[in-house]
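S.K.: Here you go, one structure.
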Amino acid sequence: MLLFICAGLSAAAQSCVCVKKDLLNDFKDTDFIAVVTITSKEVHEFNPDVDVLEFTVQELFKGKPRKQLLIFQKTGFGKNNDACRLYLEPGDELLLFANEKANYLYTIPCYRNKKLSIEDAAYQDNLLNDILILRQLQPFTSVIESTTTRCNNINADVKTRDVIEDISLHRADDDQRMGLYKVKFTPDNLIDRITVVAPFNEDIDKAVRIALIKRKWQPCELGEKRELILGYFYNPKTEYQKAFLSSL
């Protein structure tokens, strides 16, 4: 299981261990995604581990415009989670992933939040990449939410994942950052067809479709349409690795 460290969310040292889900389902499962500016902060009157923040929206990717956020702190799966907090102050800018419950909006440190102010080149490359992906995902919100996006064995298929992650991204300077692909299954769980919902480019779309056709599929929990949407996303090159395509 892939893990990430929440320390990137804050300048303060943390050791908050969180499970990292794939990006398509993070997008689907999140009610509110936006770039926001924090305007005020106070501690919840009944719970010292909950921060109450007011914010303004710079760019909205998903959800209805909102102005208030609750941060439920000290949330994670590691043994040092007393240090697991999302530190935000008035003036901070944030790529915010949040959900709605009852009449309030909330987030936790383990969500895919990113502060805009961290001065690190690789971090900024990934931040810009996330924003470009979200802009490109936004028009497909309805089809993503109305179609199955989970298959129990897809992330465990190391062979297919390696093929897709190893695809050469020769158009790395292009603004296209994702491809969405719909797999249609027959009633006996065989592939009927694979269609491109949102193209990356012709070469990558072809390589992804071939990789998906060749993989050994096990039955997935599908709806009446028997369709599964998968997303593969651009990951910027770093000093230590080339750019690659991944579901994360």
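S.K.: I need the trypsin sites (Lys or Arg not before Pro) found in region 182-223, filtered to DSSP loop residues with at most 10 other beta carbons within 10 Å of theirs. Let's see the in-between values first.
M.R.: On the way: sites: K182, K184, R193, K206, R209, K214, R215, K216; in loops: R215, K216.
Answer in residue order: K216.
S.K.: Over the Cα atoms of region 23-138, compute the convex hull volume and normalise it per residue, giving Å³.
M.R.: Spread over its residues, the Cα hull of region 23-138 gives 118 Å³ apiece.
S.K.: In whole Hz, what ³J(HN,Hα) sequence does region 189-195 give by Karplus (6.51, -1.76, 1.60; θ = phi - 60°), x for Gly and Pro?
M.R.: Listing the rounded values in order: 6, 9, 6, 7, 6, 10, 10 Hz.
S.K.: Would you mind checking the pairs K114/K214; K28/K114; K114/K182 and listing those with alpha carbons more than 27 angstrom apart?
M.R.: Long pairs (Cα-Cα over 27 Å): K114/K214; K114/K182.
S.K.: I've got another one for you. Rounded to whole Å, give me the distance from the Cα center of region 27-79 to that of region 89-152.
M.R.: For region 27-79 versus region 89-152, the Cα centre distance is 11 Å.
S.K.: Same structure again: Going through the cross-link list K20/K101; K67/K242; K74/K216; K206/K237, which pairs have a Cα-Cα distance over 30 Å in this structure?
M.R.: Pairs exceeding the cut-off: K67/K242; K74/K216.
S.K.: Apply the Karplus parameterisation 6.51 cos²θ - 1.76 cosθ + 1.60, with θ equal to phi minus 60°, to every residue of region 119-133 and state each ³J(HN,Hα) to the nearest whole Hz, in sequence, with x for glycine and proline.
M.R.: These are the phi-based 3J(HN,Hα) values: 8, 9, 4, 5, 4, 5, 4, 5, 4, 4, 4, 4, 5, 5, 4 Hz.
S.K.: Order the following by accessible area, largest value first: S246, S142, S40. Probe radius 1.4 Å; ligands, DNA and RNA are ignored.
M.R.: If we order S246, S142, S40 from most to least accessible, we get S142, S40, S246.
S.K.: With all protein chains present, calculate the accessible area of Y87 using a 1.4 Å probe and round the result to the nearest 10 Å².
M.R.: 90 Å²
S.K.: Related question: Using 0.36 nm times the number of residues separating L128 and Q68, minus their current alpha carbon distance, what extension gain do you get?
M.R.: So the extension gain works out to 19.1 nm.
S.K.: Counting only residues 5 or more places away or on other chains, whose amide H sits under 5 Å from the amide H of L116 once H atoms are built in the peptide plane?
M.R.: E93, L94, L95
S.K.: Related question: Can you list the residues, at least 5 places off or on another chain, whose amide H is less than 5 Å from the amide H of L86, using H built in the peptide plane?
M.R.: Residues meeting the criterion, in which the H sits 1.01 Å from N, are K74.
S.K.: Spelling out what I want: for every residue of region 97-102, take phi, set θ = phi - 60°, compute 6.51 cos²θ - 1.76 cosθ + 1.60 (Karplus), and round to whole Hz; glycine and proline get x.
M.R.: 10, 9, 10, 9, 9, 6
S.K.: Out of residues 5 or more away from I167 or on other chains, whose amide H comes under 5 Å of its own, with H placed 1.01 Å from N in the peptide plane?
M.R.: L245
The values are calculated or read from the model by the stated rules, or taken from the named source; none is laboratory data. What you are looking at is a predicted structure, and each value in this text was computed from that prediction instead of being measured. Glycine gets a Cβ as well: all are built from the backbone with ideal geometry, and neighbour counts include every protein chain shown. SASA here: full protein model, heavy atoms, side chains in, ligands and nucleic acids out. Shrake-Rupley method; radii C 1.70, N 1.55, O 1.52, S 1.80 Å.
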